[in-house]
Each structure stands twice: as C-alpha cells, then as structure tokens.
Amino acid sequence: VFHVRPINSEIALYGPPAGKLPGYPSDNLNDFNRLLSGTKPRAMYFGTSSITRDVKGELRNKLVNFAGLHVVVLDDIGTKIDAADIPAGMATPTYVIETSAQNFQWGYVLEKPLEDKDEAQALMTLLKHHEPRVTDKGGVNICKIVRLPEGVNGKKGPKGRFNVKLINSNGPYYPADVLRKHLLQIGRAHV
C-alpha cells in the first residue's frame, strides 16, 4: 500500500487488544511488531493515508496531519453492499480482506498517493454520494483506519473472534483519475 510515500510522512498502525477501540497509532514499527508477537488476540489496523507528526511530535491519524491518501477502501462488501453495485471498472480491487463471515473490504491502492488534501477529499466525496452505495457511511474519510489481516475482528458478538483473512492481493494499482472516472459514470454518482 505504501510503495511511495511523501517526504517525512509515517504510516499509522494500530494493534489494540480484541474488543478495545484503536486509540492512537503505534509510534513505530518496532512497537507494532512487539504487539504482533504477543499471545493475546488483537485487532490490527492501518491508516489509509500517510501522516506527519503534530506540533508536539506525536503521531495522530487526523486530518490536520494528512500527508497523502494511499488507498481507497470499500467496506461491508457482501453484507451491506452488493458487489454487483461496484462500477465495472473497479471490479478488480488491489486486495480483498474478509473482516467477518462473508463481509469484505476491497482496497484500491493508488499508483501515487494523492498529496493534495482537497483532491483526496473530492475523491472520497464521490464515494459518499455514489448511488447505489459502494461502501459503508464511515468509509469516506481520507484518514480512515481499516483492518489488517491476521488480526481478529474484535467486535462484540459472533464477529468478535473472527480471524481477519487476506483473500487476494494481486490486483492492479489505480491512478486516482481512473477511480474518479469510474465513480463519475453517468447516472451513478450524484454530487
């Protein structure tokens, strides 16, 4: 996902215990690797955008710290969103992750990150207003956190101990303008 990164940007990684909210990202990859080596089940996440540290030097996945959007993720495919509603040109995501039984996240990794915040927001606005819906309502933030494989879902109920699985990761990288074009198909996006 982060094959190209803006200068001085970092990746937000999260590894809360199962059932806990993500909180703040891990300060560095070594901390995250320590979390992975533990024996307690953890929900694993990453931020869809690279970020910079705030004025206090802390790593926070907030809009003010945005450095570049790297991946657009469609969530709840298979349960709340019908895969047939995804525009034809987006039928092959870069990767697919199963986050609970028959519930998937489709990730579209950008060839180059969108470093302009307004451009990134505009792309996510197309997702937000697309009819029929192509992602859950929370999936339209440029600083969204999404699941990583090998973690557990962590939600209460039957999803709680579901092991998140990588289903496929051999799809193409997408130029942002190609995603924009597919989301703007006549009669599909209503902005």
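Here are some notes:
- Amide H partners (placed H, <5 Å) of residue 68, local residues excluded: 50
- Antiparallel content of DSSP bridges confined to the chain, in %, to 5: 95
- Percent carbon-and-sulfur accessible area, segment 1-147, ignoring ligands, DNA and RNA, probe 1.4 Å: 50
- Partner lysines for residue 165 [C-alpha distance under 17 Å; skip if fewer than 8 residues away on the same chain]: 155
- Set of aspartates and glutamates near residue 117 by C-alpha distance (under 19 Å), chain-local residues within fewer than 8 positions excluded: 10, 54, 177
- Structural descriptor for the chain: relative contact order 25 percent, calculated from alpha carbon pairs under 8 angstrom and at least 6 residues apart.
- Alpha carbon convex hull of segment 38-120, projected area averaged over orientations, nm²: 7.9
- Taking every alpha-carbon pair under 8 Å whose residues sit at least 6 apart, segment 3-106 reaches a relative contact order of 23 percent.
- Heavy-atom accessible area per residue - segment 60-157, 1.4 Å, Å²: 42
- In this structure, residue 173 and residue 20 have a Cβ-Cβ separation that, at R0 = 41 Å, corresponds to a calculated FRET efficiency of about 0.80.
- A Cα-only calculation for the chain places Rg and Dmax at 16.2, 50 Å.
- Our estimate of slack between residue 180 and residue 161, defined as 0.36 nm per intervening residue step minus the Cα-Cα distance, is 3.2 nm.
- Three-way shape call for segment 119-185 based on the alpha-carbon gyration tensor, with the a/c threshold at 1.5: prolate
The values are calculated or read from the model by the stated rules, or taken from the named source; none is laboratory data. This is a predicted model, so every value here is computed, not measured. Positions of Cβ are generated from backbone atoms using ideal geometry, with glycine treated the same way; all protein chains shown enter the neighbour counts. Side chains included, ligands, DNA and RNA excluded: accessible areas come from the protein's heavy atoms. Shrake-Rupley method; radii C 1.70, N 1.55, O 1.52, S 1.80 Å.
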